[in-house]
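Every number here is computed from the coordinates shown, using simple stated rules; none is lab data. Just so it is clear, the model here is predicted, and its values are computed rather than measured. Every residue, glycine as well, gets a Cβ built from its backbone with ideal geometry; the counts of neighbours run over all protein chains shown.
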Amino acid sequence: MRHGVRLGLDVGTVRIGVAVSDAEGILATPLSTVQRSDNNFLAQLETLVQERHIVEVIIGLPLALSGSMTASTQDALNVARDLDALLAVPVRMVDERLTTVSAHSALRQNGKKQKQTRQVIDQVAAVVILQHALETERSQGRHPGTLVAEVLEQ
C-alpha cells in the first residue's frame with residue numbers, strides 16, 4: 001500500500017463533495033463541500049491539495065447504470081481534466097455508480113432525514129468514492145481507477 005493522503009471528490013453540478021484519507025490510505029473521512037457557483041472552485045481544490053499534501057486525487061465517474069456516459073459524466077470529466085492540468089499530483093477517475101444511493105442509505109441508517117442530509121450528502125458520497133478506491137488498492141495491489149488522460153482518450 002502506498003503512503004500518502006488522498007483526496008476524494010464527488011462532482012455535482014452545484015456542489016463538489018470532498019473527502020480525505022489518512023496517510024496510510026486506510027480510512028476516508030468527510031472534509032468539506034465546495035460550491036461550484038464560486039468561480040474559484042478549482043483554486044479552492046488546488047489549495048486543499050497543497051495544504052494537506054495530497055498525493056493523489058480520486059474523482060467519481062458518474063456513469064449510467066448501463067455504463068454509458070451522461071451529461072453528469074461529461075461534467076465530471078471536464079472538472080477532472082481541468083484539475084489534472086492544474087495539479088502536480090495524479091488525478092484518477094473511478095466508477096461511482098450508485099454512490100449517492102449508498103450515501104443516502106448510510107445517512108438514513110444513522111437516523112438522518114432527507115432534509116437534514118442536504119448539506120452533507122456530497123461529502124458522504126465523496127467518502128464512499130474514496131473508501132472504495134482505498135479498498136480496491138489494498139485488495140488488488142494496484143492503483144484504483146484510471147488516470148484522467150486515459151479516460152479522455154477512450
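Here is how the numbers come out for the structure above:
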{"item": "Qualifying residue in the stretch 86-99 (condition: under 14 Å from the mean Cα position of the chain (by Cα), hydroxyl-bearing (Ser, Thr, Tyr), closer than 15 Å to Ala133 by Cβ and part of a strand (DSSP E or B))", "result": "no"}
{"item": "Filtered residue count, the stretch 127-147, keeping only those that are in a helix (DSSP H, G or I) and over 12 Å from Leu27 (Cα atoms)", "result": "4"}
{"item": "Considering residues of the stretch 44-72 that are within 21 Å of Val127 (Cβ to Cβ) and among the hydroxyl-bearing types (Ser, Thr, Tyr) only, the residue surrounded by the fewest Cβ atoms within 10 Å (Cβ to Cβ)", "result": "Thr47"}
{"item": "Every residue from the stretch 23-39 that is outside any strand (DSSP E or B) and within 18 Å of Asp122 (Cβ to Cβ)", "result": "Arg36, Ser37, Asp38"}
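Conditions tested, residue by residue: (1) β-branched (Val, Ile, Thr); (2) in contact (Cβ under 8 Å) with a residue 24 or more places away in the chain.
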| site | (1), (2) |
| --- | --- |
| Val11 | yes, yes |
| Val14 | yes, no |
| Ala23 | no, no |
| Asp38 | no, no |
| Gln44 | no, no |
| Leu48 | no, yes |
| Glu51 | no, no |
